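These notes concern the structure reproduced below.
The values are calculated or read from the model by the stated rules, or taken from the named source; none is laboratory data. Just so you know, these numbers come straight off a predicted model, no measurement behind them. Cβ coordinates were reconstructed from backbone atoms using ideal geometry, including for glycine residues, and neighbour counts include every protein chain displayed. Note: areas computed on protein heavy atoms with side chains; ligands, DNA, RNA excluded. Shrake-Rupley method; radii C 1.70, N 1.55, O 1.52, S 1.80 Å.
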Amino acid sequence: MKMHYGFPIIAGLLIFIALLCAPFAMGTAVTKEYKQPELKLPAGEKECIESKEFMREKHMQLLNDWRDWALRDGKRTYTNHKGKEFTISLQNTCMKCHTNKAEFCDKCHDDAGVSPYCWDCHIQPEGLK
Amino acid sequence: MKNDRRTFIKLAGIAAAGIAVAPKAMASSGQSPVKVNANAVHAKHWAMVIDTTKLHTEEKIAKLAEVCHAIHNVPNVEGNKEVKWLWSDAYAHTFPEQENPHLSEEVHQRTFPLLCNHCENPPCVRVCPTKATYQRPDGIVAMDYHRCIGCRYCMAGCPYGSRSFNWGEPRKNLDLEKLNPEFPTRMRGVVEKCNFCVERLAIGKQPACVEASEGAIVFGDLRDPDSEVRQVLRERFTIRRKPTAGTEPSVYYII
């Protein structure tokens with residue numbers, strides 16, 4: 001059986017599929033160009049509350065737990081996986097080491113396109129202007 | 001092995017017992033990573049007694065309010081959108097049910113310090129739809145500003161007007177140079193109030209107003225018969241605000 005208008009149909013389909021795939025192909029190119037932001041890590045302190053991987057993936061869950069433990073349960077001392085104790089406080093524990101919000105928090109949050117509203121209430125370490 | 005019904009039922013029984021026991025055994029092996037601060041002060045029920053024979057002038061109370069508002073970054077707003085944790089008012093407004101026309105002149109002219117009463121039966125907690133305000137086991141009525149949606153039911157529920165709503169951005173009415181960096185501010189659209197200085201109790205300190213009152217305010221455990229609070233309550237005549245509201249305030253006034 002002969003296909004009527006075979007060439008335009010096949011060509012049209014190919015163009016359509018190419019357009020459909022273009023964002024993925026071009027996206028990969030952009031992803032290759034993307035570099036992870038360079039964070040300014042605390043000068044004096046080598047170890048965070050938990051391991052680097054844990055903090056990278058789960059700091060939001062940890063902060064969420066911290067909030068409930070401190071406020072709701074009145075338990076304000078956290079023991080990490082190595083047995084070291086920390087006072088539960090974003091402002092007074094986390095930000096005493098990470099003394100620059102712009103050089104630490106914002107770098108990844110800006111890239112990831114998330115804007116947590118922690119700082120609507122909590123005072124950033126460099127103070128408010 | 002011969003698989004008959006009897007062995008099957010036996011194995012099923014063992015498996016069922018295992019399923020019933022295993023989650024509990026696993027849960028108990030993971031210890032909670034949090035505990036109460038080592039130097040925190042504890043009570044079964046915190047209460048405050050204010051000696052209005054010593055603390056009855058506007059200036060003295062304003063000084064306490066200043067300390068309280070400074071450490072909690074409470075914005076200074078004039079007019080009917082004010083935000084306050086500690087303030088003062090006249091006898092008639094403080095004890096409206098306990099007024100009589102022939103009240104001692106001296107008592108009638110006093111000014112009374114007011115704050116959140118941290119009621120034993122707090123209506124604000126009952127009406128809060130998000131549980132943003134809640135009563136801790138030690139009696140303190142606390143606020144979780146992360147959860148407050150600003151519906152102001154609690155303000156309607158509170159018979160003492162102890163709660164303030166942040167109509168605007170609180171930081172616009174704060175001196176940003178003089179903020180207490182140890183304590184957060186609040187955001188627009190949340191209700192706030194006195195917290196009996198839970199953050200200070202957690203590090204073993206007394207509430208700021210108690211410390212600044214030079215002995216005019218006593219703070220302690222209401223459930224402990226030997227506590228200073230109970231001793232004062234035993235020896236002096238005290239009243240509480242609006243007894244008919246049935247909220248059982250934890251703030252007592254020596255008259």
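Temperature 25 °C, viscosity 0.890 mPa s: under these conditions the Stokes-Einstein estimate for chain B, based on its Kirkwood radius over C-alpha pairs, is 118 µm² per second. Straight-distance candidates among the lysines for linking to residue B:81, with alpha-carbon spacing under 16 Å and chain neighbours fewer than 8 residues away dropped: B:172, B:193. Compared with the alpha-carbon gap, the fully stretched path from residue A:9 to residue A:65 is longer by 14.4 nm at 0.36 nm per residue. Residues B:232, B:141 ordered from highest to lowest accessible area at a 1.4 Å probe: B:232, B:141. For chain B, B:68, B:119, B:128, B:148, B:151, B:158, B:197, B:209 have no disulfide-compatible partner, since no other Cys C-beta lies under 4.7 Å from theirs.
Counting only residues at least eight positions apart within a chain, or on another chain, the aspartates and glutamates with an alpha carbon under 17 Å from that of residue B:63 are B:51, B:89, B:211, B:214. Counting only protein chain heavy atoms and rolling a 1.4 Å probe, the accessible areas of A:69, B:167, B:85 rank, largest first, as B:167, A:69, B:85. Of the residues A:128, A:98, A:60, the one whose Cα sits farthest toward the positive end of the charge dipole of chain A, with +1 on the Cβ of Lys and Arg and -1 on the Cβ of Asp and Glu, is A:60. Ranking B:185, B:15, B:39 by how far each Cα lies toward the positive end of the dipole of chain B (charges on Cβ) leaves B:15 at the top. Hydrodynamic radius of the protein assembly as shown by the Kirkwood approach over all distinct alpha-carbon pairs: 25.4 Å. Between A:112, A:25, A:11, the Gaussian network model of chain A with springs among Cα atoms under 10 angstrom shows the greatest mean-square fluctuation at A:11.
When Rg and the Kirkwood Rh are both derived from Cα coordinates, the Rg/Rh ratio for chain A amounts to 1.29. Hydrophobic, long helices, defined as DSSP H runs whose alpha-carbon span along the helix axis is 30 Å or greater and whose mean Kyte-Doolittle value is at least 0.0, occur in chain B at B:5-29. Taking the Cα centre of the protein assembly as shown as origin and assigning +1 to Lys and Arg Cβ atoms and -1 to Asp and Glu Cβ atoms, the resulting dipole is close to 1840 debye. Stokes-Einstein diffusion of region B:30-104 at 10 °C, 1.306 mPa s viscosity, Kirkwood radius from Cα pairs, rounded to a whole number: 97 µm²/s.
On a 0 to 90° scale, report how tilted helix A:6-33 is relative to the longest principal axis of chain A, with both axes built from alpha carbons and the result rounded to the nearest 10. Relative to chain A, helix A:6-33 is tipped by roughly 20 degrees. Within region B:1-125, the proportion of C-alpha pairs whose separation exceeds 26 Å stands at 57%. Calculated FRET efficiency, residue A:108 to residue B:44, Cβ-Cβ distance, R0 = 41 Å: about 0.35 to the nearest 0.05. Remark: accessible area buried at the A-B interface is about 2500 Å², both chains counted, probe radius 1.4 Å. The dipole here belongs to region B:74-198: it is taken about the Cα centre, uses +1 on the Cβ of Lys and Arg and -1 on the Cβ of Asp and Glu, and is about 700 debye.
Comparing B:124, B:113, B:98 along the charge dipole axis of region B:81-151, the residue lying farthest to the positive side is B:124, per the Cβ-charge model. With a simple spin-label model that places each label point 7 Å from the Cα along the Cα-to-Cβ direction, the separation between residue A:32 and residue B:177 comes to 5.5 nm. The relative contact order of chain B, computed from alpha carbon pairs under 8 Å that lie at least 6 residues apart in sequence, is 29 percent. Note on residue B:108 and residue B:131: the model spin-label points, each 7 Å out from Cα along the C-beta direction, lie 4.9 nm apart.
Checking the cross-link pairs B:44/B:131; A:58/A:96; A:52/A:75; A:32/A:84 against a 31 Å limit on the alpha carbon distance flags A:32/A:84 as lying beyond it. Simple spin-label estimate for residue A:24 and residue B:97 gives 7.2 nm between the two label positions (7 Å along the Cα-to-Cβ direction from each Cα). Carbon-plus-sulfur accessible fraction, the protein assembly as shown (probe radius 1.4 Å, protein heavy atoms only): 58%.
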